[in-house]
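Everything on this sheet refers to the single structure shown next.
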Amino acid sequence: MTDVSPVQTVASAASEESAIELIGVGKWYGEFQALRDINLSVRRGERVVVCGPSGSGKSTMIRCINRLEVHQRGTIIVDGVELTDNLKNIERIRSDVGMVFQSFNLFPHLTVMDNLTLAPMWVRKKPKADAEQIAMQYLERVQIPEQAFKFPGQLSGGQQQRVAIARALCMEPKIMLFDEPTSALDPEMIKEVLDVMVELAQSGMTMVVVTHEMGFAKTVADTMVFMDNAEVVEVAPPDQFFTNPTNDRTKLFLSQILSH
Amino acid sequence: MTDTVIPHGRAESDAPPPIEKIGALRWARQNLFNGWLNSLLTLVAAAGLFYALPPLIEWALLDAVWVAASDEACRQATGACWAVVPQKHRPMLFGVYPYDEHWRLIVALLIYVVAICVTLVPRFFRRGIVLPLWIFALTGIGLMLWGGVFGLTYVDTSQWGGLPLTMVLFTGTVVLGMPISVLLALGRRSSLPAVKTVCVTFIESIRGVPLVTILFVSAVVFPLFLPDGVDINKLFRAMVGMAIFFACYQAEVIRGGLQAIPRGQYEAAEALGLGYWHMTRKIILPQALRICLPGIMNHIIAAFKNTSLVLIIGLFDILTATSAVLQDPLWSRFFVEAYLFVALVYFVFCFALSKYSQGLERRLSEGRRL
């Protein structure tokens with residue numbers, strides 16, 4: 001963290017440890033309150049799985065972390081830098097925080113290879129050859145190197161989502177955010193994406209994952225976060241979360257999601 | 001029903017697709033006589049052709065005079081007098097440009113056509129090729145048209161005319177207009193209120209005025225505001241006026257394309273840390289321009305034909321030059337043939353543009369669906 005100037009750094013002993021810090025975050029869409037006094041801290045290397053009923057604010061919260069949504073109250077500190085209107089800071093944070101979307105959002109007019117090399121070349125100013133080499137390396141890691149020169153439209157949903165993960169990894173991010181990465185996939189493709197995510201988690205990446213895949217959550221999560229009605233209701237390690245949740249709303253949600 | 005047992009229809013996919021043969025009779029029934037209304041229209045059209053075609057062929061081909069030393073031969077013929085074209089083609093095509101220097105215009109047109117053909121080959125569409133090519137081509141064309149160096153006599157722009165003038169106006173309009181239109185379209189969607197207001201006001205006010213008015217303003221009104229001694233070339237002023245008019249229409253077409261880009265594309269680009277201009281250039285514009293390519297081409301073709309409006313400010317494009325030629329009392333009665341020839345020239349250009357855009361659309365859609 002030597003490259004961060006003291007002005008940008010919110011220098012406290014605790015923030016050295018934490019990758020993401022949300023303090024009293026609030027957000028409204030018009031009259032509707034989407035986030036209510038959210039406090040959450042993610043350590044470096046920690047894997048956090050966020051779950052909750054739809055409309056509970058999970059996606060809004062994760063999108064606030066790289067400022068795809070702007071929070072109106074509270075403080076968000078990512079990688080030691082507070083998110084404000086300062087565009088330079090935002091772009092720096094975004095380039096260090098990878099994001100995977102529910103609907104993949106690959107660039108349809110570019111080949112898989114161009115999707116992967118675009119940001120490293122234009123944001124990181126890497127030479128083309130280097131960017132392609134890194135891209136190939138990550139395509140192998142998500143196990144689709146043979147698709148490198150196809151267009152996204154020619155791939156299956158699972159393959160597209162793995163390309164999207166590789167695209168985020170090509171920026172060599174410090175943190176990865178996943179916003180319901182398997183929700184738009186056919187059932188038989190969910191596993192191939194989850195396998196890649198499990199492998200990524202085991203490599204020590206800091207991850208925040210919004211998902212309903214409780215099996216995945218049990219396997220990789222260090223911390224479970226349950227959100228309901230714009231609030232963080234419960235934060236607990238997975239063994240406690242699944243076997244002995246303290247909050248009634250958590251119990252209800254778990255009984256609904258685990259019963260089928 | 002045994003076919004249904006085969007999983008995923010794999011056996012079927014090995015077989016070639018069935019060939020659908022349609023006989024002439026069946027084709028006619030499907031396309032010309034499907035329903036009483038279409039049958040009626042077919043019959044009416046057939047009757048019309050039966051009466052119109054033979055006299056037309058007689059006039060245009062059989063009885064026509066193709067070459068004539070003087071107008072005398074034409075006057076005695078009952079058919080078309082195509083001889084007006086070989087007789088008068090030079091003033092029609094080149095206007096009042098000095099007669100002995102017409103070869104320079106031919107050279108300029110050749111450079112232009114070659115440069116366009118090379119540019120339109122997708123394989124050559126790279127900045128390293130297109131940019132030097134056009135710098136070279138424009139220098140060559142300018143040298144040929146203006147002269148004044150290397151022993152070529154100087155020809156003022158007021159003497160330019162005919163097809164080269166049409167070409168200069170059209171190219172100038174599109175080359176100046178396209179970048180402006182993209183900026184206006186982006187500006188209209190900008191989140192900065194000042195930029196947005198300026199772009200909206202500009203587009204709406206220019207779109208609310210006929211092109212003729214803009215040409216008048218550029219030719220007559222604009223010079224009044226220039227300080228003494230400053231004179232901007234009239235041809236250039238007309239070109240800028242047409243470019244701005246073109247850009248305002250094109251901006252709205254491009255805005256339509258921009259609106260069709262899903263929000264997720266912006267978010268994905270932003271999440272990778274791309275700044276506004278990188279995102280716009282690499283992600284948004286390539287997709288938006290592809291979506292609205294038919295509309296863009298539409299306005300480019302319209303811009304080609306709009307060049308004929310410069311007649312009202314005293315510039316002689318190919319159409320006005322032809323009208324001027326027809327002032328010759330010996331040949332003025334053969335205006336139909338002369339105008340048909342001009343129409344053919346316009347058609348060839350516009351049809352080529354339209355064919356090219358169709359080819360481009362096909363090429364861009366290959367394997368790149370969402």
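All told, residue B:166 meets the bar of being of a type in the set (S, T, N, Q), within 27 Å of residue B:289 (Cα to Cα) and touching a strand residue (DSSP E or B) at 6+ places or on another chain (Cβ under 8 Å). For the range B:250-268, which residues satisfy the criterion of being of a type in the set (Val, Ile, Thr) and within 14 Å of chain A (Cβ to nearest Cβ)? Across the range B:250-268, the qualifying residue is only B:261. Return yes when residue A:78 is of a type in the set (Val, Ile, Thr), surrounded by 19 or more Cβ atoms within 10 Å (Cβ to Cβ), in contact (Cβ under 8 Å) with a residue 24 or more places away in the chain and within 14 Å of chain B (Cβ to nearest Cβ) and no when it is not. Yes; evaluated as a whole, the condition is true for this residue.
Restricting the range A:152-182 to residues that are closer than 29 Å to residue A:79 by Cβ and polar (S, T, N, Q) leaves a set whose member that is farthest from the other protein chains (Cβ to nearest Cβ) is A:182.
In the set A:107, A:149, only one residue is under 26 Å from residue A:191 (Cα atoms), touching a Ser or Thr at 6+ places or on another chain (Cβ under 6 Å) and within 12 Å of chain B (Cβ to nearest Cβ); that residue is A:149.
In the condition set (1) buried (at least 23 other Cβ atoms within 10 Å of the Cβ); (2) closer than 14 Å to residue B:274 by Cβ; (3) more than 9 Å from chain B (Cβ to nearest Cβ), residue A:94 is compliant with all but (3). Of the strands (runs of 3 or more DSSP E) lying entirely inside the range A:161-260, those containing at least 2 residues that are more than 25 Å from residue B:267 (Cα to Cα) are A:223-228, A:231-236.
In summary, helices (runs of 4 or more DSSP H) completely within the range B:269-340 and bearing 1 or more residues that are within 14 Å of chain A (Cβ to nearest Cβ), of a type in the set (Ser, Thr, Tyr) and surrounded by fewer than 22 Cβ atoms within 10 Å (Cβ to Cβ) occur at B:276-279.
Taking the range A:118-145, which residues are more than 13 Å from chain B (Cβ to nearest Cβ) and aromatic (Phe, Trp, Tyr)? The answer is A:138, and nothing else.
From the residues in the range B:89-99 that are in contact with a Ser or Thr (Cβ under 9 Å, 6 or more places away or on another chain) and surrounded by fewer than 17 Cβ atoms within 10 Å (Cβ to Cβ), which one is nearest to residue B:335 (Cα to Cα)? The qualifying residue nearest to residue B:335 (Cα to Cα) is B:96.
For residue A:76, the test of being assigned to a helix (DSSP H, G or I), at pLDDT 90 or above and more than 19 Å from residue B:287 (Cα to Cα) is failed. Just to be sure before I move on: is residue A:70 crowded, with 22+ Cβ neighbours inside 10 Å and of a type in the set (A, V, I, L, M, F, W, C) in the structure I sent? No: the conditions fail for residue A:70. In the set A:96, A:37, only one residue is under 13 Å from the mean Cα position of the chain (by Cα), modelled with pLDDT of 90 or more and acidic (Asp, Glu); that residue is A:96.
Filtering the range A:32-68 to residues that are outside any strand (DSSP E or B), touching a residue at least 60 places away in the same chain (Cβ under 8 Å) and among the small types (Gly, Ala, Ser) leaves A:45, A:52, A:56, A:57, A:59.
Considering every residue within the range A:27-44, establish whether at least one is within 20 Å of residue A:173 (Cα to Cα) and either out of contact with any Leu (no Cβ under 9 Å at 6 or more places or on another chain) or within 14 Å of another protein chain (Cβ to nearest Cβ) (or both). Yes, there is a match, as at least one residue in the range A:27-44 is within 20 Å of residue A:173 (Cα to Cα) and either out of contact with any Leu (no Cβ under 9 Å at 6 or more places or on another chain) or within 14 Å of another protein chain (Cβ to nearest Cβ) (or both). When residues in the range B:197-232 are screened for being more than 24 Å from the chain's Cα centre (by Cα) and within 18 Å of residue B:165 (Cα to Cα), 1 of them pass.
The values are calculated or read from the model by the stated rules, or taken from the named source; none is laboratory data. Since the structure is predicted, the reported quantities are computational estimates derived from the model, not experimental observations. Positions of Cβ are generated from backbone atoms using ideal geometry, with glycine treated the same way; all protein chains shown enter the neighbour counts.
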